[in-house]
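Okay, structure first, notes after.
Values in this text are rule-based calculations from the coordinates and carry no lab data. This is a predicted model, so every value here is computed, not measured. Note that we place each Cβ from the backbone using ideal geometry, even for glycine, and neighbour counts take in every protein chain shown.
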Amino acid sequence: MTLPRSPLLRFALLIAGLGLTMALQAATVVAATPPMGWNSWNHFAEKIDDATVRAQADAMVASGMRDAGYVYINIDDTWEGERDAKGEIHANAKFPDMKALADYVHSKGLKLGIYSSPGPKTCAGFEGSYGHEAQDAKTYAAWGIDYLKYDLCSLGEQLDRATPLQARQIMREAYTKMHRALLATGRPIVFSLCQYGYDSVWHWGASVGGNLWRTTGDITDTYDRMAEIGFGQAGLAKYAGPGHWNDPDMLEIGNGGMKPEEYRTHMALWALLSAPLLAGNDLTKMSAETVALLTNRDLVAIDQDAAGHQGDRIAAEGTLEVWAKDMADGSKIVALFNRSDIYNEIRVDFRQLHFTKPVHAVDVWTHNDLGRLALDTRMLIQGHDVILLRVTR
C-alpha cells in the first residue's frame, strides 16, 4: 500500500490503522475463544427475573456445564427500569439489586451478562443507551457486568430514514461509541454486536470493537430455521478468529422443537463454525441427553480450539454437504451433513482437503477408530443427521 502525500491524510490513516489494531488486541483479551454460557431470551423471553437467573447459575454449576467451559449467565431484554434525574439507568422491580446478583453469579465461578440497545428503546420497548453510552458503561462496570449484548432495535428507525451511506456511518459510530465507553471503564467486558448481519457486519465488526457479531436474524427451535442459519455461514470463515467471532445466534438445544439427530446437527455445526455456544434452554429442567450433548467434551474442544479457525463448506451435492475445520494439532474435523429427511449415501473426497493418500479417521461421536479411509469414501447417513470425523494423515 502506498500512503498518500498529504501529511494530514497519512496521519489519519495511521491513526485509523492503530485504532483497528488496538480494538483487535483488546478483543483478544476478553474473547480469545468463542464465548460459552447461557442467555435468557430463547426460553424465558420477558419472563426473566432475579430468582430465575440465580437458579440458572446454580444449574449451570450442578449440571457440569461450568466445568465444561460455560461461564456467562446473560440477561436479555426486559430487565431495564427508569433513568433517574442524573440520567443513570436502574433495573426494574424484577431485579431489585443487580450488583448483588452479579456478586452471586461471580461466587459460583461464573460471569454475568446484560443487554441494551444503541437506540432510544430496546426491542421490547425498554430504555436503550442512546445518549447515555458512557453512563451506562460505568453503571455496568460498577455492577460487575462481564458481557454486553448490544441490539440494534430502535436505532433502525434512524437507519430507515437515512441513505445507505449515512446508515452505514450511523450504525458504525453507534457501536464504536459504546465500545469506547466500555474500554474507558477499565473492566474487561465482552462486546456482542446484535444487528442481524446488516451491511455485511463481518467486514467491519472487529474495527468497532466487536468480540462477536450476529450474522443473521433470530433463530427458532426448528430444524429448517436452524439449518438455514447454520449452513448460511458458508464463506464467512476468513472473518473469524481469536477475539472476533461470527455469531449465528444462540443454541436451541433442549427446548424440545427438534429431534435428537437435529440437535446433534445443531451442536456439531455450531462447534465446527467456532460459534459462541450460548445455551437458550431452561438449565434447571434438562434431560440427561441434553446435558450430554451440551457438555460433550469433543464438541466443546472443536469449538474452543486454540487456533480459532472457523470451519467452512468443502462440497455440496443437493442436500448433502461436507464441511471441514483445521485444528491446532494439525488434524481436520470433517462433517458430513444430510439436510434431507431420508437416508442417503454421502461422498467425501479427501483430496479436496489436500490429502494425497488414504487418511486415518476417528468417529467423534463414538470414539471408534475407523482406521484407514480411501481418498474417495462414501457413507450412509440418516436424514437431518451428521457424521463427524477427526481426520489425520
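Worth a mention:
- Segment 33-41 - phi-based ³J(HN,Hα) in whole Hz, Karplus 6.51/-1.76/1.60, Gly and Pro as x: 10, x, x, 10, x, 8, 10, 6, 5
- For the Cα trace of segment 173-288, dividing Rg by the Kirkwood Rh returns an Rg/Rh value of 1.01.
- For segment 100-114 and segment 270-288, distance of Cα centres in Å: 19
- For segment 118-232, DSSP calls about 10 percent of its internal beta bridges antiparallel.
- For the chain: relative contact order, % (alpha-carbon pairs under 8 angstrom, 6 or more apart): 14
- Bridging of residue 332 to lysines at a Cα separation below 17 Å is possible for 238, 357, once same-chain residues fewer than 8 apart are set aside.
- Fraction of beta bridges assigned by DSSP in the chain that are antiparallel (%, nearest 5): 60
- Straightening the chain between residue 54 and residue 301 buys 86.2 nm, computed as 0.36 nm per residue apart minus the Cα-Cα spacing.
- Pairwise FRET efficiency - residue 369 versus residue 185, Cβ, R0 = 45 Å, nearest 0.05: 0.35
- Extending 7 Å from Cα along the Cβ direction at residue 97 and again at residue 343 yields two label points whose distance is 6.1 nm.
- Spatially, segment 293-307 and segment 115-183 are offset by 32 Å when compared through their Cα centroids.
- Taking the average, over residues, of other Cβ atoms within 10 Å as the packing measure, peptides 61-70, 206-215 rank 206-215, 61-70 from highest down.
- Applying the Karplus relation 6.51 cos²θ - 1.76 cosθ + 1.60 with θ = phi - 60° to segment 186-199 yields 3J(HN,Hα) values of x, 9, x, 10, 4, 10, 9, 7, 10, 9, 6, x, 4, 6 Hz, where x marks Gly and Pro.
- For segment 306-386, dividing the convex hull volume of the Cα atoms by the residue count gives 99 Å³ per residue.
- Simple label model, 7 Å out from Cα along Cβ direction - residue 107 to residue 392, nm: 4.6
- If the segment from residue 238 to residue 203 were pulled out straight at 0.36 nm per residue, it would be longer than the present Cα-Cα gap by 11.6 nm.
- Each listed q (0.07, 0.08, 0.11 Å⁻¹) maps to a log10 I(q)/I(0) for the chain, found by the Debye formula over equal Cα scatterers with no solvent: -0.34, -0.44, -0.81.
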